[in-house]
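Engineer: I'd like to ask some things about the structure below.
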C-alpha cells in the first residue's frame, strides 16, 4: 500500500467560487492529484488552481461556496514518492516526529515537535523524566539519525538535563 504524507492544511473558504485558504507545510509544488483526509477516509481531488501569494487553493468540481465548505479544515496528503529527494543530512519533519532519542545507549525520550520558528531549528523532546526540552538541531548536539529505525542519537550540552 502506498504511503501518504501530510503536506498542508485546507482551512476555510475564501470568496464565493470555491477557493479555500491553504497552508503548505513544505516548500514544494503540489502534484495535480492530491488527497484530503475527511472523516477517516481519503478523498482524491484534482488541484485546479493554487495561488501561493494569497495562500489559496481551488479543486476541480468544487466551484461553489457550499461545495468548498465540505473540504474545510482538512489535511492535504500526497504519496511519499512525490517528495523531493533529500541529502544525507536533510530530513523532513515527519521523519523525526515520534523518533526515540538516545544518549549513547540510554533512552532519553521521543521527539514530539520540531520548532523552526527561529533561524536554528530545535528538536522538542518529551523526556523520560516528564519534562519537555529543546535541543538545537545542529551537528554538535545531534549525532546519528536512523530514519528507518526511527532513532536519533544526541550529545546534549553539559547541564541540559538540569533544565
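We did not get these values from a lab; they are worked out from the coordinates using the rules stated. Quick caveat: nothing in here was measured; it's all calculated off a predicted structure. Every residue, glycine as well, gets a Cβ built from its backbone with ideal geometry; the counts of neighbours run over all protein chains shown.
Engineer: I need the per residue convex hull volume for region 16-107, using only the alpha carbons, in cubic angstrom as a whole number.
Structural biologist: 137
Engineer: If we count other beta carbons within 10 Å of each Cβ, what is the order of 71, 43, fewest first?
Structural biologist: 43, 71
Engineer: Something else now. What is the spin-label model distance, in nm, from residue 107 to residue 144 if the labels are put 7 Å beyond Cα along the C-beta direction?
Structural biologist: 1.8
Engineer: Next question, about the same structure. Based on the alpha-carbon gyration tensor of region 13-69 and its eigenvalue square roots a ≥ b ≥ c, which shape applies: rounded if a/c is under 1.5, prolate if not and a/b is larger than b/c, or oblate?
Structural biologist: oblate
Engineer: Taking the Cα centroid of region 63-89 and of region 1-30, what is the distance between the two, rounded to the nearest whole Å?
Structural biologist: Value for the Cα centre distance between the two parts: 4 Å.
Engineer: While we're on this one: Test of understanding: in a Gaussian network model of the chain with alpha carbons linked when under 10 Å, which of 40, 17, 146 would top the mean-square fluctuation ranking?
Structural biologist: Judging by the Gaussian network model, the answer is 40.
Engineer: If you don't mind, there's one more thing I want to ask. Per DSSP H run of at least 4 residues, take -39500 (n - 2.57); add these up for the chain, divide by its residues and hand me the 222 nm value, nearest 500 deg cm²/dmol.
Structural biologist: It comes out at -1000 deg cm²/dmol, rounded to the nearest 500.
Engineer: Rounded, prolate or oblate: which fits region 93-162, taking a ≥ b ≥ c as square roots of the Cα gyration tensor eigenvalues, rounded meaning a/c under 1.5, else prolate when a/b beats b/c?
Structural biologist: rounded
Engineer: Modelled label-to-label distance, residue 89 and residue 72, 7 Å Cα→beta-carbon offset: nm?
Structural biologist: 4.6
Engineer: Right, another one. Hey, could you get me the Stokes-Einstein D for the chain, Kirkwood radius over alpha-carbon pairs, 25 °C and 0.890 mPa s, rounded to whole µm² s⁻¹?
Structural biologist: 137
Engineer: Among 150, 117, which comes first, second and so on when ranked by fewest other beta-carbon atoms within 10 Å?
Structural biologist: The most exposed by this proxy come first: 117, 150.
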